[in-house]
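Structure, as structure tokens:
The values are calculated or read from the model by the stated rules, or taken from the named source; none is laboratory data. Keep in mind that this is a model prediction, so the values were computed, not measured. Here the Cβ is made from the backbone with ideal geometry for all residues, glycine too, and neighbour counts use every protein chain on show. Just so you know, the surface numbers come from the protein's heavy atoms only, side chains and all, with ligands and any DNA or RNA stripped out. Shrake-Rupley method; radii C 1.70, N 1.55, O 1.52, S 1.80 Å.
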Amino acid sequence: MQFNLRTAFISEDPADERATTFKMAAVASSLVSYCSDSDSENESESGKGPQTVDPDAVSHLQPLKPGTLTALAALNPAPEVAVKEDVETGVHLDPALKEVTYNPSYETMFAPEFGPSNPFRSKQMSAPRNMLSGYAEPAHVNDFMFEQQRRTFSTFGYALDPSVDTSQVSSSSYIGAVEEAEKNKGLMAFETGVKKSEKRKKVKGGDASDIESFLGPWAKYQDERDVAKPSEDEKKELDEILAKRQKRGKNEEEAPAEEKTILHVKDAYDYQGRSYLHVPQDVGINLRSADVPEKCYLPKKQLHVWTGHTKGVSAIRLFPLSAHLLLSCSMDCKIKLWEVYNDRRCVRTFIGHSKAVRDVCFNNTGTQFLSAAYDRYLKLWDSETGQCISRFTNRKVPYCVKFNPDEDKQQLFVAGMSDKKIVQWDIRSGEVVQEYDRHLGAVNTITFVDENRRFVSTSDDKSLRVWEWDIPVDFKYIAEPSMHSMPAVTLSPNGKWLACQSMDNQILIFGAQNRFRLNKKKIFKGHMVAGYACQVDFSPDMSYVVSGDADGKLNIWDWKTTKLYHRIKAHDKVCISALWHPHETSKVITCGWDGQIKLWD
């Protein structure tokens with residue numbers, strides 16, 4: 001058997017050639033001596049002389065010559081990776097390259113990309129980043145810890161620095177309002193009261209001698225009494241409390257506040273006998289037509305501020321069809337009518353509620369409107385004369401009110417009440433003609449859909465119900481475990497969608513036809529509205545969605561992509577409502593709890 005040492009000791013690294021050659025030479029020499037010894041033994045045994053050896057037969061046993069190993073390595077079919085220790089200066093790696101056939105140096109890999117640097121980019125824009133606000137490093141954070149720090153920062157203004165070891169907390173461990181953190185002793189959002197370390201320690205070994213008035217595990221306390229009969233002083237206090245409760249329980253019918261009105265313009269009628277309800281012709285836009293603008297644009301600047309309310313504004317409503325007048329109700333118990341064009345004056349003030357006014361609603365022509373207030377009264381007003389036509393009450397607080405939009409049902413209106421009912425009144429008789437009693441919480445909104453044959457209501461019970469007109473049983477009930485209360489709902493201009501302001505800081509879109517399904521592709525986020533019924537609205541061409549938020553900002557989203565396009569600081573307090581003018585391309589009206597109403601363009 002022949003064994004080829006040339007293939008047995010070939011190394012792929014040329015630097016090991018010399019060592020390998022010595023190894024092979026040693027092995028070959030030992031093999032040659034072994035073969036010669038065995039041959040001599042054979043000769044002595046057979047008595048024959050030495051035999052001649054064929055040189056080709058032992059050629060594989062000879063040591064390799066220097067340089068032979070490199071030549072053999074070149075025949076190795078295995079692929080190699082070339083090593084370039086010094087990359088030529090000026091050689092750049094293409095950033096889009098997916099595979100490199102050599103080992104580049106550190107300088108080559110971190111060399112700047114081709115092209116001149118943009119001189120107009122700020123340091124933040126030119127720095128590497130993987131999100132809009134900068135570079136977010138991947139880190140594993142417990143969901144609860146992250147939410148705790150986020151809520152602490154939004155509530156108290158400080159949070160723990162994630163780059164600092166939290167086992168040794170000091171003033172340098174916080175970011176944001178460090179003084180506030182020291183003042184609160186590092187209290188987090190979910191921590192209330194005394195910290196764990198300061199709580200009463202458990203009694204060890206059953207020794208409770210340090211606890212006052214404790215006589216043993218089965219004994220009574222020193223001041224404990226067996227009789228439940230109250231003393232004379234305690235009985236007096238109990239009688240007073242019961243008397244107060246009985247007074248509160250009685251719904252004493254308060255007399256309605258006296259109604260009056262103030263006209264703020266010099267003349268109620270012009271030289272042709274037309275009142276301020278007449279649609280102006282000199283504003284550059286045909287307000288009488290039902291045509292909507294072809295293309296709407298984002299509002300950028302503030303055009304006008306209407307001031308007059310002394311407290312926060314609850315709701316604003318535009319005059320039907322023409323939208324040349326604006327009606328506002330406020331927590332100062334007053335309702336005001338404003339001009340949208342020309343001088344933008346306050347035309348008339350309606351005074352007649354003793355508590356804050358919650359909602360207002362025009363009829364189809366705008367000649368009359370309803371107001372709902374916390375004094376438990378709904379009042380019908382004449383828009384032109386300011387006279388209070390009639391009053392309605394069922395001794396419950398009305399949260400929302402809506403006229404039936406049908407022309408032949410303008411004498412009927414519905415109101416969502418605090419006692420979980422939707423009550424339907426007839427203006428002519430002043431009596432309740434229908435009650436829709438299916439909700440489990442106070443009714444927040446009523447919205448007419450499907451050519452006014454149906455209406456949708458939302459409630460504090462976190463549900464959405466759809467009703468046929470005049471049938472007191474809901475035919476559609478939408479409630480999911482993940483749903484939150486939706487205290488503001490708006491119908492889109494094309495009548496196909498319902499935009500619902502959800503209390504989990506989202507605007508949800510439901511279909512307003514047939515099945516009323518949630519459109520999961522249209523969810524608008526990025527604003528903070530939890531706890532506030534901020535009204536939503538659409539642009540006339542259905543390209544934008546607008547809403548206020550708890551920080552007083554006006555948020556504008558793109559309808560198709562649901563991206564937050566624009567954000568304006570509109571009010572100092574909560575921006576409770578935003579209306580897009582139906583005849584203008586970029587005019588938006590907002591109102592807030594700072595008592596101001598603003599026009600943006």
Do we have S485 as within 26 Å of A373 (Cβ to Cβ) and either among the aromatic types (F, W, Y) or in a loop (DSSP other than H, G, I, E, B) (or both) here?
-> yes
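Residues are listed down the side, and each one gets a yes or a no for (1) under 23 Å from Y436 (Cα atoms); (2) assigned to a strand (DSSP E or B):
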site: Y297; (1), (2): no, no
site: K311; (1), (2): no, no
site: A315; (1), (2): no, yes
site: I335; (1), (2): no, yes
site: Y341; (1), (2): no, no
site: R344; (1), (2): no, no
site: S354; (1), (2): no, no
site: R391; (1), (2): yes, yes
site: P405; (1), (2): yes, no
Being open to solvent by 100 Å² or more (accessible area, probe 1.4 Å), at pLDDT 80 or above and farther than 25 Å from D161 by Cα is the filter here, so list the residues in the range 110-142 that pass it.
-> P119, F120, R121
Collect the residues in the range 252-295 that are aliphatic (A, V, I, L, M), open to solvent by 60 Å² or more (accessible area, probe 1.4 Å) and free of Cβ contacts under 8 Å to residues at least 60 places away in the same chain, keeping them in residue-number order.
-> A255, A290
Determine which member of the set R344, R428, R391 is within 30 Å of D282 (Cβ to Cβ), of a type in the set (K, R) and surrounded by fewer than 19 Cβ atoms within 10 Å (Cβ to Cβ).
-> R344
Top-ranked residue of the range 419-447 - restricted to ones that are touching a strand residue (DSSP E or B) at 6+ places or on another chain (Cβ under 9 Å) and of a type in the set (K, R), ranked as farthest from K462 (Cα to Cα) = K421
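Mind checking which residues of the range 384-418 are out of contact with any strand residue (DSSP E or B) (no Cβ under 9 Å at 6 or more places or on another chain) and within 23 Å of D461 (Cβ to Cβ)?
As a first pass, look at the range 384-418 and keep what is out of contact with any strand residue (DSSP E or B) (no Cβ under 9 Å at 6 or more places or on another chain): 395, 407-408.
If the condition is that a residue be out of contact with any strand residue (DSSP E or B) (no Cβ under 9 Å at 6 or more places or on another chain) and within 23 Å of D461 (Cβ to Cβ), then R395 is the only one that fits.
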Any chance the range 347-362 includes a residue that's open to solvent by 10 Å² or more (accessible area, probe 1.4 Å), more than 20 Å from V313 (Cα to Cα) and touching a Leu at 6+ places or on another chain (Cβ under 8 Å)?
-> no
If you go through the range 248-270 one residue at a time, how many are under 43 Å from the mean Cα position of the chain (by Cα), under 17 Å from I351 (Cβ atoms) and modelled with pLDDT under 90?
-> 3
Residue satisfying all of: in the range 143-166; open to solvent by 90 Å² or more (accessible area, probe 1.4 Å) and in a loop (DSSP other than H, G, I, E, B); modelled with the lowest pLDDT among these | D165
One residue from D382, D343 being over 21 Å from W306 (Cα atoms) and either over 34 Å from the mean Cα position of the chain (by Cα) or of a type in the set (V, I, T) (or both) = D382
Within the range 493-532, considering residues that are at positive phi and in contact (Cβ under 8 Å) with a residue 24 or more places away in the chain, the one surrounded by the most Cβ atoms within 10 Å (Cβ to Cβ) | F516
Within the range 458-482, the count of residues that are under 16 Å from G511 (Cα atoms) and either assigned to a strand (DSSP E or B) or open to solvent by less than 20 Å² (accessible area, probe 1.4 Å) (or both) comes to 9
For K421, indicate whether it is open to solvent by 40 Å² or more (accessible area, probe 1.4 Å) and within 32 Å of the chain's Cα centre (by Cα).
-> yes
Determine whether D551 is farther than 20 Å from P293 by Cα, open to solvent by 20 Å² or more (accessible area, probe 1.4 Å), under 14 Å from the mean Cα position of the chain (by Cα) and free of Cβ contacts under 8 Å to residues at least 40 places away in the same chain.
-> yes
Would you check which residues across the range 363-374 are more than 30 Å from I285 (Cβ to Cβ) and surrounded by 20 or more Cβ atoms within 10 Å (Cβ to Cβ) and list them?
-> A372, A373
Would the range 206-223 turn up any residue that is at pLDDT below 75, exposed (fewer than 10 other Cβ atoms within 10 Å of the Cβ) and not in a loop (DSSP other than H, G, I, E, B)?
-> yes
